[in-house]
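Below: the structure, in structure tokens.
Please treat every number below as a calculation from the coordinates, not as lab data. In this text the structure is predicted, and so the values were computed from the model without any measurement. Note: ideal-geometry Cβ built from the backbone for every residue, glycine included; neighbour counts use all protein chains shown.
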Amino acid sequence: QQQQQQQSKQQPYLLANMTEFGVSPLLPPHVLGALGYEAVIHPVTALRAAMRAVADVYANLHRTGLVDTKSLMSRKEMYDVLRYNPDENWLYPRNDGK
């Protein structure tokens, strides 16, 4: 392990920047690992997905004049994703390991 740590200090840390619609092909983590990459980031993936959802919601609102609530995340779902409980004081950073 000590030898591995020394080698990692001598070699550059390889980070794969997987951006959609870029020049490089999108590769799964196991392939990138086999190529020597130690970490993978997807810097705009969630933003692109969110913007698609935003565009779809507003296109439907423009077309129909109504919001299709079936396409929206419920308050409970949103709270679950955020790990938010309105009955508890919210502390940042969390100290409970979650």
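Between amide H atoms placed 1.01 Å from N, distances below 5 Å from VAL40 occur with ALA16, all of them 5 or more places distant or on a separate chain.
How would the stretch 26-68 be classified by its alpha-carbon gyration tensor: rounded, prolate or oblate, with rounded meaning a/c under 1.5 and the a/b versus b/c comparison settling the rest? Note, shape of the stretch 26-68 comes out prolate. By definition, a body whose alpha carbon gyration tensor gives a ≥ b ≥ c is oblate when a/c is 1.5 or more and a/b is not larger than b/c, and the stretch 1-92 fits this oblate description. Per-residue extension of 0.36 nm, minus the Cα-Cα distance of ALA55 and GLU38, leaves a gain of 2.6 nm for this segment. Computed from phi, the 3J(HN,Hα) profile of the stretch 54-71 under the Karplus parametrisation 6.51, -1.76, 1.60 (θ = phi - 60°) reads 4, 4, 5, 4, 6, 5, 5, 4, 5, 5, 10, x, 10, 9, 7, 5, 5, 8 Hz, with x in place of Gly and Pro. Subtracting the Cα-Cα distance of SER24 and GLN11 from 0.36 nm times their residue separation leaves 2.4 nm of extension gain. On the beta carbon distance between ASN89 and ARG63, with R0 = 35 Å, the FRET formula returns roughly 0.25. Note on the stretch 45-95: along the principal axes its Cα atoms extend 45, 26, 12 Å, ordered by decreasing extent.
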